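Data block below; observations after.
The values are calculated or read from the model by the stated rules, or taken from the named source; none is laboratory data. What you see is a predicted model; the values in this text were computed from it and never measured. FYI the Cβ positions are ideal-geometry reconstructions off the backbone, even for glycines, and counts take in every protein chain you see.
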Amino acid sequence: MIADAAAAAPLRVLLVDDQQLLRRGLAMLLSTADGIDVVGQAADGTEALAVLGRERDGVDVLLTDARMPGMDGMELTAACRERWPDLPVLMLTTFDDEAVVRGALGAGASGFLLKDTSTDALADALRAVAAGGMVIDPRVARIALSRDPAGGGAAAADPLAVLTRTERLVAELVADGRTNAEIASVLVLAEGTVKNHVSSLLRKLDQRDRTGLALALYKTMRG
């Protein structure tokens, strides 16, 4: 009975957007999605941090606009990553320019979607980031996953910005030369799950094999 009650618990979302009508409209749309509960709203990053300071345990995911007066979404995300590193942040915006995308992911956002995303897709994205995943709108995925040829921007500062939290943990152990079985034992995961994460690391970091992946990760994390 306890397990069933926990499974049925709604996903609690704090919504941050400086435009009141849009914020209320989005909250109303999300209220129609199964298992989503907008438990609070804030007009900017400063107000959101104040809400989280009082009610952190009551929030599962932070959904924030990127561009806001005062403390914007990137600054808010960075502050949350520092104070509550386990709090996933999903960024929602009308902008799809490179600076915004890289800024969001470089700050530690778990996902980036455009505001014309459907309600169902947004609800799915909230559930995904709450489960430790990363969600990137396909229309901006090329920017998020591409290497920065100029050597600047968030991707150059943190080439691992596209990884989920679990993938980062797996990456740390791959860099140490651990086998899938050893990683599974350390992280208490199924070996098949670890294999899937390693495959994802190979794809996201553009490496052909595990040896190259381990060397690249060692250089990035230990170099």
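Observations on the model:
- Hits in region 47-61 - residues which are among the β-branched types (Val, Ile, Thr) and touching a residue at least 60 places away in the same chain (Cβ under 8 Å): 61
- Failed item, numbered, when residue 182 is tested on (1) under 20 Å from the mean Cα position of the chain (by Cα); (2) of a type in the set (D, E, K, R); (3) exposed (fewer than 15 other Cβ atoms within 10 Å of the Cβ): (1)
- Residue check, residue 70 surrounded by fewer than 20 Cβ atoms within 10 Å (Cβ to Cβ), of a type in the set (Gly, Ala, Ser) and touching an Asp or Glu at 6+ places or on another chain (Cβ under 6 Å): yes
- Filtering region 84-118 to residues that are loosely packed, with under 15 Cβ neighbours inside 10 Å and out of contact with any strand residue (DSSP E or B) (no Cβ under 9 Å at 6 or more places or on another chain) leaves 85, 86, 97, 99, 116, 118.
- Figure legend. Inter-residue proximity from region 18-31: first residues farther than 17 Å from residue 45 by Cα, second residues of a type outside the set (A, V, I, L, M), beta-carbon distance below 6 Å, spacing 6+ or different chains. Indicated pairs: 29/119.
- Number of positions in region 1-21 that are at pLDDT 90 or above, part of a helix (DSSP H, G or I) and either closer than 23 Å to residue 57 by Cβ or of a type in the set (A, V, I, L, M) (or both): 1
- Any hit, region 208-221, residues being out of contact with any Phe, Trp or Tyr (no Cβ under 9 Å at 6 or more places or on another chain), surrounded by fewer than 19 Cβ atoms within 10 Å (Cβ to Cβ), under 23 Å from residue 129 (Cα atoms) and at pLDDT 85 or above: no
- Filter pass, residue 81 being at pLDDT 90 or above, of a type in the set (Lys, Arg) and on the phi < 0 side of the Ramachandran plot: no
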